Amino acid sequence: PGQGPRKEELAPRPRYGLPRELVSQQFTFAGEKVPIERKDGRARILLQVNFLLLDARSVLSSWLTDDMRYTWIFQEILKKEGIPKEFAVLAPILSRMKRTGDKGHQGGIWALEKPCGARQGLTMSTDDWHDDEMDLELSTKCFAAQIKQIRKELRDGSWLMAAAAYMTSRKTIEDLKRTWDTKSCWDFPLPDPPDILIPRWIALWIVHAHRSTYHL
């Protein structure tokens, strides 16, 4: 497979780099190798690390204080569902994602396209008086059911591909996989929003896991 043609715009000497202990060994995320040894892969992650620590510093502070207090709820449910722990920090990023044509629909912290029902073994409802998508436990269980189903339908075992499909559609990602003849989302140009949000998710995990390195 060939690498995607996208070139990231990154300052020659970014202010913040990656933690030394991270680059000294193979970096895996959600069970997959992240190619930080590749110039394009490293640039995409570094771009988002610097975005979070510089341009979005106030938002980052909110994520690391307010939003992260819910991660134990996410971690508990995701672990039970067999979903990688890294997904616990995807929620605050997804909560700010606006789906194309959603006409104002927010979908709670997991940006659910629609609530789950009997097919997923859940009972959720949304109306003018009540919205189960805002319930942290129910919405996390719903997200877990949806992301597992997407991963199963993609048939390649990649959680990152599943996340990209969740942000766009399964058809979009399957078409790209066929076009570029690859099973890695690092080898083709992702569409928006996963083009930005997948590297940002990884960057947030890195910053969250290495706070002392970044003096947070």
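The values are calculated or read from the model by the stated rules, or taken from the named source; none is laboratory data. Model, not experiment: these values are computed from the prediction. Positions of Cβ are generated from backbone atoms using ideal geometry, with glycine treated the same way; all protein chains shown enter the neighbour counts. Areas reflect the complete protein model, heavy atoms only, side chains present, ligands, DNA and RNA absent. Shrake-Rupley method; radii C 1.70, N 1.55, O 1.52, S 1.80 Å.
Quick one: PHE188 ticks every box in (1) among the aromatic types (Phe, Trp, Tyr); (2) at pLDDT 95 or above; (3) touching a Ser or Thr at 6+ places or on another chain (Cβ under 7 Å) except a single one, so which number is it?
All conditions pass for PHE188, except number (2).
What helices (runs of 4 or more DSSP H) lie completely within the stretch 149-216 and have 3 or more residues being open to solvent by 60 Å² or more (accessible area, probe 1.4 Å) and over 26 Å from GLY17 (Cβ atoms)?
Fully inside the stretch 149-216 and qualifying: 170-180.
Residue by residue, here is whether (1) under 15 Å from the mean Cα position of the chain (by Cα); (2) closer than 25 Å to PHE188 by Cβ holds:
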site: ARG20; (1), (2): no, no
site: GLU32; (1), (2): yes, yes
site: GLY41; (1), (2): no, yes
site: PHE51; (1), (2): no, yes
site: ILE73; (1), (2): no, no
site: GLU76; (1), (2): no, no
site: GLU86; (1), (2): yes, yes
site: GLU113; (1), (2): no, yes
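How many residues does the stretch 95-144 contain that are at pLDDT 70 or above and either surrounded by 12 or more Cβ atoms within 10 Å (Cβ to Cβ) or in contact with a strand residue (DSSP E or B) (Cβ under 7 Å, 6 or more places away or on another chain) (or both)?
30
If SER58 satisfies every condition in (1) of a type in the set (Gly, Ala, Ser); (2) within 15 Å of the chain's Cα centre (by Cα); (3) open to solvent by 30 Å² or more (accessible area, probe 1.4 Å) but one, which is the exception?
SER58 satisfies every listed condition except (2).
Mind listing just one residue for me: the one in the stretch 71-96 that is in a helix (DSSP H, G or I) and of a type in the set (D, E, K, R) and, of those, nearest to TRP205 (Cα to Cα)?
GLU86
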